[in-house]
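Reading through the structure tokens given below for one structure.
The values are calculated or read from the model by the stated rules, or taken from the named source; none is laboratory data. Model, not experiment: these values are computed from the prediction. Here the Cβ is made from the backbone with ideal geometry for all residues, glycine too, and neighbour counts use every protein chain on show.
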Amino acid sequence: MEPSLIKQQRNLVTELPGPRSRVLAERRAAAVAPGVSSVLPLYVEEASGAVLVDVDGNSLIDLGAGIAVVSVGHAAPAVVDAVRAQIGRFSHTCFMVNPYEAYVEVCESLNARTPGEHLKRSVLFNSGAEAVENAVKIARHVTGRQAVVVFDHAYHGRTNLTMALTAKNMPYRHGFGPFAPEVYRVPMSYPFRDPEGMTGQQAADRAIEQIERLVGADNVACVLIEPIQGEGGFVVPAPGFLPAIATWCQERSVLLVADEIQTGFCRTGDWFACDAEGVVPDLITTAKALAGGMPLAAVTGRAEVMDGVHAGGLGGTYGGNPVACAAALASIDIMEREELADAAQRIGEAIRTTLEPLRTTHPGIGDIRGRGAMMAIELVVPGTTEPDADAARRIAQACHQAGVVVLTCGSYGNVIRLLPPLVIEDELLADGLDVLSGAITEVLSPAS
Ligand SMILES: *Cc1c(COP(=O)(O)O)cnc(C)c1O
């Protein structure tokens, strides 16, 4: 069975949601825990490239890529082939029982591509949260210190430790405590909301002053940071912020952990977001786009750090599953061969070119920011920085009704984010952005 070639075109053939999706919604309500929710009520039948086809035959443009996961496109043929071939050979042995080559090869690939020329080692897991938990485990073990410093607006996952690391109460933490101790939150560099003209160095000094005063550098195992924040609102720190944090970490023997789970693997126009300013973290967590849709995550770090953990101290039944590893090797190969980092830069330029002109006519657009194919629009009450979550919600809904998948994010829920597959065709992207522009105009025009 070959994956069908789905036309890279938006095409709506029923009202949304269509009758078959509505039936599934009823079954879902009776069977699925309501604590897990979905952005769109459209049930997917198949997908390819940047197009999702729902059970009623509607073709949607996917500008979310399953939250930055299918950067190589849905059902990328080389990934599908690699998965099929591997699952036919064996699907699981547990790397901790009987090892296999694909795990080793994924680690070699991560060690070669992540920032820094130093000797590295990697370890594989199933989810991003699991990778973050393990990065913290490793940092605490090798430093003999306990405190973990995180930032305002951070998102690191939904397990107990990562809930503690994540900033936002609703929906991630509300009522789910008590949370893991020894987590300290300091201010992020957020140029749109920081005092005007605040430099990256000044924002770093503000954070460092708090770490030294409230925690004490000698107690800090690691500083954990997303080089560009994801769920928190695609917050791009001011230039110089990350390098200043990295320098302080180095001087105080604090490990710098970059959470590149959302930013990694070509999304921002480089292999990793840290590359833009030449920042070299001690540990880096990856997941999402790593395996083209299969669940796989990793911690990659300096050999001398990673070698500090005793044999058997890290692992998990499924971590580095062979099918997921095969998918990762195929995905990374596509990123390299099709130069998807360059594609991400072109996509980012197309998004900026389309959206920037709207700023002059719509003062509700407070900020357009991002890097590469990780772009966002922050919506505010005109003339202020007061978040307008309602506008973001209405714009997203208008896009969904027109068959374009966009996601919202942000601590205040007022940010529309764009994360298209990096293989999206120019015309399809243009059509998706057209719909988005129309939705912005419709929602933000004074008459509406
Ligand atoms: C998605 C995400 C995570 C959590 O990954 P899961 O696979 O959902 O556990 C952690 N950090 C960042 C920056 C993320 O975007």
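From the list ALA102, ALA112, ALA135, exactly one residue is within 15 Å of the ligand (Cβ to nearest atom) and in the same structural domain as THR159 (by TED's automatic domain parsing). Which is it? Please lay out each step first, then the result.
Details: ALA102 fails: within 15 Å of the ligand (Cβ to nearest atom); ALA112 fails: within 15 Å of the ligand (Cβ to nearest atom).
After ruling out the rest, the residue left standing is ALA135.
Can you spot a residue in the stretch 283-291 that is away from the ligand (no atom under 16 Å from the Cβ) and at positive phi? Lay out the reasoning, then the answer.
Step one: filter the stretch 283-291 for residues away from the ligand (no atom under 16 Å from the Cβ), giving none.
Looking for residues that are away from the ligand (no atom under 16 Å from the Cβ) and at positive phi, one finds none in the stretch 283-291, hence no.
Please determine whether any residue of the stretch 153-168 is at pLDDT 95 or above and more than 14 Å from the ligand (Cβ to nearest atom). Give the derivation first.
Narrowing the stretch 153-168 to residues at pLDDT 95 or above: 153-168.
With the extra rule that they be more than 14 Å from the ligand (Cβ to nearest atom), the set shrinks to none.
No, because not a single residue in the stretch 153-168 is at pLDDT 95 or above and more than 14 Å from the ligand (Cβ to nearest atom).
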Output for Cβ contacts, cut-off 6 Å, separation at least six or different chains, first residue farther than 16 Å from LYS137 by Cα in the stretch 220-232, second near the ligand (Cβ under 10 Å from one of its atoms) and assigned to a strand (DSSP E or B), reads GLU226/ASP259; PRO227/ALA258; GLU231/CYS409
Across the stretch 38-73, the tally of residues that are without any contact (Cβ under 8 Å) to a residue 40 or more places away in the chain and within 19 Å of the chain's Cα centre (by Cα) stands at 1
Taking the stretch 215-240 and keeping residues within 16 Å of the ligand (Cβ to nearest atom) and over 11 Å from GLN262 (Cα atoms) leaves CYS222, VAL223, LEU224, ILE225, GLY232, GLY233, VAL235, VAL236, PRO237
Given (1) more than 20 Å from LEU214 (Cβ to Cβ); (2) within 13 Å of the ligand (Cβ to nearest atom), VAL150 misses just (1)
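Just give me the residues in the stretch 42-57 being outside any strand (DSSP E or B) and either touching a strand residue (DSSP E or B) at 6+ places or on another chain (Cβ under 7 Å) or of a type in the set (Ser, Thr, Tyr) (or both), in sequence order. Full working, then the answer.
Kept after step one, since they are outside any strand (DSSP E or B), are these residues of the stretch 42-57: 42-43, 50, 55-57.
If the condition is that a residue be outside any strand (DSSP E or B) and either touching a strand residue (DSSP E or B) at 6+ places or on another chain (Cβ under 7 Å) or of a type in the set (Ser, Thr, Tyr) (or both), then LEU42, TYR43, ALA50, VAL55 are the ones that fit.
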Checking THR300, THR384 in turn, the sole residue that is within 16 Å of the ligand (Cβ to nearest atom) and of a type in the set (Val, Ile, Thr) turns out to be THR300
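Listed here are the residues, each with its yes/no results for (1) in contact (Cβ under 8 Å) with a residue 60 or more places away in the chain; (2) crowded, with 21+ Cβ neighbours inside 10 Å.
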{"position": "ARG369", "(1), (2)": "yes, no"}
{"position": "GLY372", "(1), (2)": "yes, yes"}
{"position": "ILE377", "(1), (2)": "yes, yes"}
{"position": "THR385", "(1), (2)": "yes, no"}
{"position": "ALA389", "(1), (2)": "no, no"}
{"position": "GLY403", "(1), (2)": "yes, yes"}
{"position": "VAL406", "(1), (2)": "yes, yes"}
Taking the stretch 115-132 and keeping residues within 16 Å of the ligand (Cβ to nearest atom), hydrophobic (A, V, I, L, M, F, W, C) and in contact with a helix residue (DSSP H, G or I) (Cβ under 9 Å, 6 or more places away or on another chain) leaves VAL123, LEU124, PHE125, ALA129, VAL132
- Message: Any residue at all in the stretch 193-209 that's out of contact with any Pro (no Cβ under 8 Å at 6 or more places or on another chain), more than 19 Å from ARG417 (Cβ to Cβ) and within 16 Å of the ligand (Cβ to nearest atom)?
- Response: no
So, first residue in contact (Cβ under 8 Å) with a residue 24 or more places away in the chain and outside the structural domain of VAL423 (by TED's automatic domain parsing) in the stretch 240-269, second residue outside any helix (DSSP H, G or I) and among the basic types (Lys, Arg), Cβ within less than 7 Å, six or more apart or across chains; the pairs are THR268/ARG371; GLY269/ARG371
Scanning the stretch 61-89 for residues that are at positive phi and more than 16 Å from the ligand (Cβ to nearest atom), the one surrounded by the most Cβ atoms within 10 Å (Cβ to Cβ) turns out to be GLY73
Across (1) closer than 19 Å to ILE261 by Cα; (2) part of a loop (DSSP other than H, G, I, E, B); (3) hydroxyl-bearing (Ser, Thr, Tyr), TYR103 clears everything bar (2)
